[in-house]
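Structure record follows, encoded as C-alpha cells.
The values are calculated or read from the model by the stated rules, or taken from the named source; none is laboratory data. The structure presented is a predicted model; accordingly, all values stated were derived computationally and were not measured. Note: ideal-geometry Cβ built from the backbone for every residue, glycine included; neighbour counts use all protein chains shown.
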Amino acid sequence: MNTDAGNGLRHCSTETQEASRSGSRLAMLFRSTLCTGIMACASAIAQEGGQDVMIGTDLDLQGFLDTELAAGKKRVVVPPGQYRVTPRKREHLRLAGLSAVEIVAEGVEMICTETTRALTIVDCNDLKLKGLTIDYDPLPYTQGRIIKLSQDNTVHDIELFDGYPAAEYVRNSKYEIFRPDTRTLRFGSYHQFSAEVLDAGHIRVTRKGRYMGEKVGDIIAIGTSTAPGGQIPHAVYTSHSAGVVLEGITLYASNCFGFLESDCKATHYLRCKIDRRAPGGDLKQRAQPRIRSLNADAYHSKHATIGPRIEACVAKFMGDDCINICGDYHLVMAANGTRLRVLAKRKLNIRAGDPLEVVAYDGRRLPDAEVISTRKLGETTAEELAFLSKQRMHAPFRQGKLGPTYEIVVDREMALPMGSTIRSANRVGNGFSVVDCDFGFNRSRGILIKASQGEVRDNRMEGCWGEAIKVSPEFWWLEAGSSNDVKIVGNRILNCLGKGIAVYAIPGKGGTAPAGAHNDIVIENNIVTKTAQTSIWVTSTRGLTLRNNTVDDAEGGVVLENCDELVGQETE
C-alpha cells in the first residue's frame, strides 16, 4: 500500500476511537465522514501511483461550526485534517455575531476551492480563532518563465509551469518578475500591462513603463481567477468587531490582502504566518516551487478605533506591503466660517463629537477641531471635478470617482483652501503595536504607519523594495493620517531597496510639509544595514528623539528636513 494511504487509514482509525471515547454523536458523525474522505483520498493517491491529484476531504465546515455554536458551545474544536471547502455566497467560511467564543482549529487546513474570500468575521466580540491554515486550490495566481522578449522588451512571451492555473484563468493583475537564481524579485512590479492567451500553457504580456531589467529565463507570477460563484477580495476580512484574537493562523495564498480589518477595535494577530508554501507540503506536484504567497498586502487595518497588535508574526513574498495601518482623508472643497464643504473619499466616517485632524493644502497641520454635525449635500460640481483632475492622486480619484459631498460643521472658524484634508482622529488605528515580527522580500513597503500612540519594536525586515519602516500619510491614496507619539525602537533592517526608516509628510500641493505634521517621534536602538537609499530620513516633525541607532553612511546615513525640538542625534 502507498505510504500516504496507510497513514490516512491509521489516522482514520485513531479518530474513530477518539470519537467513541468522547461519546459525542456529532463528533462521531464528523469523524466518520472525515475517515471516509481520507480513505477515498488515500485510495485515489494509491491508484495514481503517488501523484497527489487532489488532497483534502470535502467538508461542510460552515455547517459543522453552525451546529456546534447553535448548541450553545463557547469552545469548539475542529478535528485535525485537510478539508476542501466550497464557498457560500462567495465566502468559504463566515463567523458573524459571536461573543466570547473560541474556535480551535489546530492541525486544520481549509483548502479554498474557488479564488474568493476564505473567511469573513463580522460583528464579533472577543472571538478567538486558533491554529487554522488556509490555502487555495486552484491558486489565485499562476507561474511561469519568460521564454522570449521583444526587441524593446515590452512584450514578454511566457510559458506556464505545470501544476499552476492554465492561461484561460489569467487576469490583468499582480504581474511580478523574479530572478531564477535567487528566487527573489527582479524589481518591484509592472502595473500597466495586458495579458493575452496564446494557448493553454502560454501567455503574452505587453507592458508599459520603462524597462526594469527582466531577462529570458526569469520566473513570473500573475493573478488568476477561478470563481464560478463570483469573487470578493481578501483571505481573512474582519469588520465591526472588537477584541478578536487570531492566533497561529497560516496563509499561503490570497487573491488580494491576507488579513484586512475595517472598523475594528483592538484586534490581536499573534504568531500568524504568511509565506510561500514549500514544495514538500504543497497540495499538488508543480514543475517549480511557488514563487510568492499573497497577491497583495499581508496585514491591513482601516478605521480602527483602537489599532491592532501584530505580534510575533511573519509576512514574506507577497505582492505588496507587509503592514498598513491607516484611516481615510476627506477633501475640503470650500470653507465658510465653521461650515466645511467636504468631498468624502467613499463613505464619510466622521461623526458628531469626533476630534478632527485638519491639514491645509500646503501641509500645515492645524490644531484639531471637534465635529458639531454632518449633513449630506449631494454630488460634486464641475469646478470641483476640474480641481480633482489636476491633483497628484490615484487615477480614479482624479476622475472624480469619490463619495458624495457633505456639510460638516466644526467648533471654530477655519480658513482652508480647496484640497485641504480632514479625518476622524480616532478612527485611524491609534494605540497600535507591531512587535517581534519577521517581514520582507515583498514588492513594496515593510511597515507603513499612519496612526498615533503606537510602537514599532524589535522587528526584522529584509529585502523590502520600498521603505522598511514608513510613517507618513499618503495624499495619493487619501490614506490618513499624521502621527503623534510613535516609538520606532530596536528594529533590524537589512538589504532593503528603499529608505530604512522614513518619517515624512508630502502635502497635496507638493513639496515637504513644515514641522508639526508629526509630533513626538522616537527613533532609537535600530540597526539599518545595506539599504539602497538613506538609512534614516525624517521631515515635518516637531519633537524628534533620535539616538543610539547604527546605520550605514554610504547612502547618506541620517537626513533631517523641517524638524524642530530635536532630542539627541547619536548614531554609529
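The residue of the stretch 436-479 that is nearest to VAL332 (Cα to Cα), among those that are touching an Asp or Glu at 6+ places or on another chain (Cβ under 8 Å) and of a type in the set (S, T, N, Q), is SER452.
Within the stretch 452-484, can you find the residues that are of a type in the set (S, T, N, Q) and farther than 14 Å from TYR504 by Cβ? SER452, GLN453, ASN459, ASN484 - these are the residues of the stretch 452-484 that are of a type in the set (S, T, N, Q) and farther than 14 Å from TYR504 by Cβ. Free of Cβ contacts under 8 Å to residues at least 40 places away in the same chain, closer than 29 Å to SER189 by Cβ and under 27 Å from the mean Cα position of the chain (by Cα) - does that describe any residue in the stretch 325-340? Looking through the stretch 325-340, none of the residues is free of Cβ contacts under 8 Å to residues at least 40 places away in the same chain, closer than 29 Å to SER189 by Cβ and under 27 Å from the mean Cα position of the chain (by Cα). TYR269 fulfils the conditions (1) outside any loop (DSSP other than H, G, I, E, B); (2) crowded, with 19+ Cβ neighbours inside 10 Å; (3) in contact with a Ser or Thr (Cβ under 8 Å, 6 or more places away or on another chain); (4) not charged (D, E, K, R) except for a single criterion, (3). Is it the case that the stretch 187-194 has a residue that's modelled with pLDDT under 95, surrounded by fewer than 19 Cβ atoms within 10 Å (Cβ to Cβ) and more than 23 Å from HIS234 (Cα to Cα)? Looking through the stretch 187-194, at least one residue is modelled with pLDDT under 95, surrounded by fewer than 19 Cβ atoms within 10 Å (Cβ to Cβ) and more than 23 Å from HIS234 (Cα to Cα).
When the stretch 435-463 is filtered for residues that are over 24 Å from ALA513 (Cβ atoms) and in contact (Cβ under 8 Å) with a residue 40 or more places away in the chain, the ones remaining, listed by number, are VAL435, ASP436, CYS437, ASP438, PHE439, GLY440, PHE441, ASN442, ARG443, MET461, GLY463.
Taking the stretch 48-72 as the range and being among the aliphatic types (A, V, I, L, M), crowded, with 17+ Cβ neighbours inside 10 Å and at pLDDT 95 or above as the test, the residues that pass are LEU61, LEU65. If you go through the stretch 285-310 and keep only what is over 28 Å from ILE422 (Cβ atoms), touching a residue at least 60 places away in the same chain (Cβ under 8 Å) and crowded, with 19+ Cβ neighbours inside 10 Å, you end up with ARG290, ILE291, ARG292, ASN295, ALA298. Considering the stretch 522-563, and only residues there that are at pLDDT 95 or above and acidic (Asp, Glu), the residue that is surrounded by the most Cβ atoms within 10 Å (Cβ to Cβ) turns out to be GLU524.
Residues that are surrounded by 17 or more Cβ atoms within 10 Å (Cβ to Cβ), out of contact with any Cys (no Cβ under 6 Å at 6 or more places or on another chain) and closer than 30 Å to ARG186 by Cβ: does the stretch 424-433 have at least one? No, every residue in the stretch 424-433 fails to be surrounded by 17 or more Cβ atoms within 10 Å (Cβ to Cβ), out of contact with any Cys (no Cβ under 6 Å at 6 or more places or on another chain) and closer than 30 Å to ARG186 by Cβ.
The rows are residues; the columns are (1) over 30 Å from ARG183 (Cα atoms); (2) assigned by TED's automatic domain parsing to the domain that holds LYS174; (3) crowded, with 22+ Cβ neighbours inside 10 Å.
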residue: ASP436; (1), (2), (3): no, no, no
residue: ILE447; (1), (2), (3): no, no, yes
residue: GLY454; (1), (2), (3): yes, no, yes
residue: GLY463; (1), (2), (3): no, no, no
residue: GLU479; (1), (2), (3): yes, no, yes
residue: VAL503; (1), (2), (3): yes, no, yes
residue: ILE506; (1), (2), (3): yes, no, no
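Among the residues of the stretch 311-343, count how many are buried (at least 21 other Cβ atoms within 10 Å of the Cβ), part of a loop (DSSP other than H, G, I, E, B) and small (Gly, Ala, Ser). The qualifying residues number 1.
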